[in-house]
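Visitor: Here it is: the structure, laid out below.
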Amino acid sequence: MSRFPRAALAAVVAMTVAACGTGSGVEVTGVWARTSPAMASAGAVYMQITSVEGDRLLSASVDTSIAAVTEIHETVPAGGNGDGHSGTGEDGDGMGMMTMRPVTWVDLPAGETVALEPGGLHVMLLGLVMPLQSGESFQVRLTFEKAGELSYRVVVRPSAP
């Protein structure tokens with residue numbers, strides 16, 4: 001094989017990896033945050049994450065000019081059993097109410113898409129510095145167990161895209 005075909009093959013491989021993202025094996029799409037009322041102290045970021053080989057989302061962060069604290073949260077029925085799993089709400093103490101709590105990580109099974117969405121898992125922004133206004137954008141950094149730290153643009157919208 002001559003040098004030219006190898007170089008051409010290398011260029012095609014490089015373009016394919018670039019087209020797929022960082023080559024991290026993680027694809028993050030539909031990243032958005034809902035607009036927040038003027039007096040709101042919290043907001044949330046939503047997205048879909050697909051890991052080719054399986055991974056784990058360990059943490060998220062935004063610049064402190066956006067929010068003082070960034071955590072990964074899940075929405076669960078109030079009165080959950082406190083063992084790190086969602087409660088069923090069948091014991092009556094939650095009376096259909098929902099609450100949010102931080103999670104240590106989010107498992108990303110190989111080939112499956114995990115949705116961070118309203119009413120479920122999400123990136124929680126606590127201590128908003130200013131309201132999140134439609135049309136604005138900012139960066140969120142996600143740290144994965146295998147893929148490492150990756151950064152994505154968050155678009156603020158009044159509702160899901």
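Visitor: One residue is enough: does the stretch 77-100 have a residue meeting the conditions closer than 29 Å to GLY25 by Cα, under 13 Å from the mean Cα position of the chain (by Cα) and either among the small types (Gly, Ala, Ser) or modelled with pLDDT of 95 or more (or both)?
Guide: So far as the stretch 77-100 goes, no, none of its residues is closer than 29 Å to GLY25 by Cα, under 13 Å from the mean Cα position of the chain (by Cα) and either among the small types (Gly, Ala, Ser) or modelled with pLDDT of 95 or more (or both).
Visitor: Quick check on the stretch 100-116. Is at least one of its residues closer than 15 Å to VAL69 by Cβ, among the aliphatic types (A, V, I, L, M) and not in a loop (DSSP other than H, G, I, E, B)? First the steps, then the outcome.
Guide: Within the stretch 100-116, the first condition is being closer than 15 Å to VAL69 by Cβ, and the residues that meet it are 100-103.
After this cut, where a residue has to be among the aliphatic types (A, V, I, L, M) as well, the list is 100, 103.
Next cut, not in a loop (DSSP other than H, G, I, E, B) only: 100.
Looking for residues that are closer than 15 Å to VAL69 by Cβ, among the aliphatic types (A, V, I, L, M) and not in a loop (DSSP other than H, G, I, E, B), one finds at least one in the stretch 100-116, hence yes.
Visitor: Given the conditions (1) modelled with pLDDT of 95 or more; (2) closer than 28 Å to VAL156 by Cβ, which single one is not true for GLY54?
Guide: Only one criterion in (1) modelled with pLDDT of 95 or more; (2) closer than 28 Å to VAL156 by Cβ is unmet by GLY54, namely (2).
Visitor: State which residue is surrounded by the fewest Cβ atoms within 10 Å (Cβ to Cβ) when the search covers only the stretch 120-161 and only residues that are over 15 Å from the mean Cα position of the chain (by Cα) and among the charged types (D, E, K, R).
Guide: LYS146
Visitor: Shifting gears a bit: Quick check on my filter: what residues within the stretch 117-149 are touching an Asp or Glu at 6+ places or on another chain (Cβ under 7 Å) and outside any strand (DSSP E or B)?
Guide: GLY120, LEU121, GLU145, LYS146, ALA147
Visitor: Given the condition polar (S, T, N, Q), over 9 Å from the mean Cα position of the chain (by Cα) and in a strand (DSSP E or B), answer yes or no: does some residue in the stretch 42-52 qualify?
Guide: yes
Visitor: If you go through the stretch 57-76, how many residues are surrounded by 19 or more Cβ atoms within 10 Å (Cβ to Cβ), modelled with pLDDT of 95 or more and more than 13 Å from the chain's Cα centre (by Cα)?
Guide: Result for the stretch 57-76: 2.
The values are calculated or read from the model by the stated rules, or taken from the named source; none is laboratory data. Note that this is a predicted model, so its numbers are computed, not measured. In this analysis, Cβ positions are derived from the backbone assuming ideal geometry, glycine residues included, and neighbour counts consider all displayed protein chains.
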